[in-house]
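The values are calculated or read from the model by the stated rules, or taken from the named source; none is laboratory data. Computed from a prediction, not measured in an experiment: that's the story for all the values here. Note that we place each Cβ from the backbone using ideal geometry, even for glycine, and neighbour counts take in every protein chain shown. For the accessible areas, the whole protein counts, side chains as well, though only heavy atoms, and no ligand, DNA or RNA atoms are used. Shrake-Rupley method; radii C 1.70, N 1.55, O 1.52, S 1.80 Å.
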2 protein chains.
Amino acid sequence: MKQTQLPLEIGMLLYPGLTLLDLFGPQTVFSWFANTHLVWKTNDPIVSDTGISVHPTATFETCPRELDILFVPGGFGQQKIMNDSEVLGFLADRASRSRYVTSVCSGSLLLGAAGLLKGYKATSHWSAREGLRMYGAEPVEARVVVDRNRVTGGGVTAGIDFGLVVLAKLRGDDAAKLTQLAMEYDPEPPFNAGSPAAAGPEIVEQAMSFMAAEMEKHTG
Amino acid sequence: MKQTQLPLEIGMLLYPGLTLLDLFGPQTVFSWFANTHLVWKTNDPIVSDTGISVHPTATFETCPRELDILFVPGGFGQQKIMNDSEVLGFLADRASRSRYVTSVCSGSLLLGAAGLLKGYKATSHWSAREGLRMYGAEPVEARVVVDRNRVTGGGVTAGIDFGLVVLAKLRGDDAAKLTQLAMEYDPEPPFNAGSPAAAGPEIVEQAMSFMAAEMEKHTG
């Protein structure tokens, strides 16, 4: 395994209220093999779900026109851009020339809104998955869904699994394995509560209530 | 589960060359229950391992004096501050008044250098774990190690498991479970390569070679 190939060019959409870990899980997985472009309308920092600011490194104009991976994170803030023609236009334009068109979490709804999942199988955060039907996509309950060059991941932490799947496609299994080892990705969740079925109705209700409060901040 | 308690006050050390996901895995886990302070010597942005810039929100002077959690991420850049009396002094000072003194990845070596792990069991990234002995700590091969109020996590992605363990201690199991569910932490690594034993000698060698090249950038 040598770094003989050109780095992957990855365009990752930013927007206010994105989910920080949706972005930096995959970005970390790709980082040894990639140039990352964090793309937004302007160069002004955006504030993520956890309060951390992220600074764009490119705008819709300066982002490379040909990308290996176009990536869209989810987040409560996406409600405000679901009909934003500038954002959807950027996604549709770059998608037409990207090797892979991808998302994690509810980012798949933005791909859908840009017309990019019509007739594709896809996934999303468990709370948002059924919304994919609205855009002509077929929701699949899976951690990572690959349909032709569309690769979508489930909620938040699924971005790590997603990243390894995409990296293996673009740079081979060994690249993904050495990355997994360097990131010591040998998970041991301390509770069995990572899916609605495992967590049970009371925890689901509590999570929904926290999520509704967050959503309120972004739409209120 | 209501937000009736005051938010947790969390001080997270920044430094150039830290591992981005060491920081933002736990920060995301804690975020619904916490005020995060990203602390460095100055307010100037630092550049992380993946090339992403992170902006401090506090300095060693302005960071709250009493913290619920003092947290240290790992990273190749830590070599340069292992003997930095300003950094080690800050850690020792805040640790004396923090409810939990914590790290992920090779961050435990910095805790050790600050004299904070003498006589404690602790863990680290698999490649750095044995180094803990140098500081009088007892290395343990585990994802998360709790010894009195010291809680240390393994490499990079172990920060998510670590965060859930610490959150459960401070805000109860339900808080950790609803967070795990919201983050859809139901991992499905696409390969079995998350530990040296599982990955096998060839992948270990490749990972070590990539890690050595990164280390070179920070010490060369």
Residue within region B:18-38 that is away from chain A (no Cβ under 11 Å), more than 30 Å from A:Glu202 (Cα to Cα) and within 15 Å of the chain's Cα centre (by Cα) present
yes
Answer from A:Asp93, A:Asp68 - the residue that is within 18 Å of A:Val146 (Cβ to Cβ) and of a type in the set (D, E, K, R)
A:Asp68
Identify the residue in region B:130-149 that is open to solvent by 30 Å² or more (accessible area, probe 1.4 Å) and within 30 Å of A:Asp22 (Cα to Cα) and, among all such residues, is nearest to the chain's Cα centre (by Cα).
B:Val144
Among the residues of region B:170-201, count how many are outside the structural domain of B:Trp126 (by TED's automatic domain parsing) and touching a strand residue (DSSP E or B) at 6+ places or on another chain (Cβ under 7 Å).
0
Among (1) open to solvent by less than 40 Å² (accessible area, probe 1.4 Å); (2) under 26 Å from B:Pro26 (Cα atoms); (3) within 14 Å of another protein chain (Cβ to nearest Cβ), which single condition is A:Thr102 missing?
(3)
Residues of region B:24-49 satisfying the condition of being over 19 Å from B:Asp68 (Cβ atoms) and open to solvent by 20 Å² or more (accessible area, probe 1.4 Å):
B:Trp40, B:Lys41, B:Thr42, B:Asn43, B:Asp44, B:Pro45, B:Val47, B:Asp49
Would region A:22-38 turn up any residue that is in a loop (DSSP other than H, G, I, E, B) and either of a type in the set (A, V, I, L, M, F, W, C) or closer than 20 Å to A:Ser124 by Cα (or both)?
no
Residue identified as farther than 20 Å from B:Ala182 by Cβ, touching a helix residue (DSSP H, G or I) at 6+ places or on another chain (Cβ under 7 Å), free of Cβ contacts under 8 Å to residues at least 40 places away in the same chain and surrounded by 20 or more Cβ atoms within 10 Å (Cβ to Cβ) among A:Leu181, A:Leu167:
A:Leu181
So which residues in region A:101-116 are within 16 Å of the chain's Cα centre (by Cα) and either of a type in the set (Gly, Ala, Ser) or part of a loop (DSSP other than H, G, I, E, B) (or both)?
A:Ser103, A:Cys105, A:Ser106, A:Gly107, A:Ser108, A:Gly112, A:Ala113, A:Ala114, A:Leu116
For region A:44-100, which positions are touching a residue at least 40 places away in the same chain (Cβ under 8 Å) and in a helix (DSSP H, G or I)?
A:Phe76, A:Gly77, A:Gln78, A:Gln79, A:Lys80, A:Ile81, A:Glu86, A:Val87, A:Phe90, A:Leu91, A:Arg94
One residue from A:Ala158, A:Ala128, A:Ala122, A:Ala212 being facing chain B (nearest Cβ under 8 Å), of a type in the set (A, V, I, L, M) and within 25 Å of A:Ile81 (Cβ to Cβ)
A:Ala158
Can you name the number of the only condition in (1) touching a residue at least 60 places away in the same chain (Cβ under 8 Å); (2) more than 7 Å from every other protein chain (Cβ to nearest Cβ) that B:Ser195 fails?
(2)
Extreme residue, farthest from A:Ile10 (Cα to Cα), among residues of region A:77-99 that are among the hydrophobic types (A, V, I, L, M, F, W, C) and crowded, with 22+ Cβ neighbours inside 10 Å
A:Val87
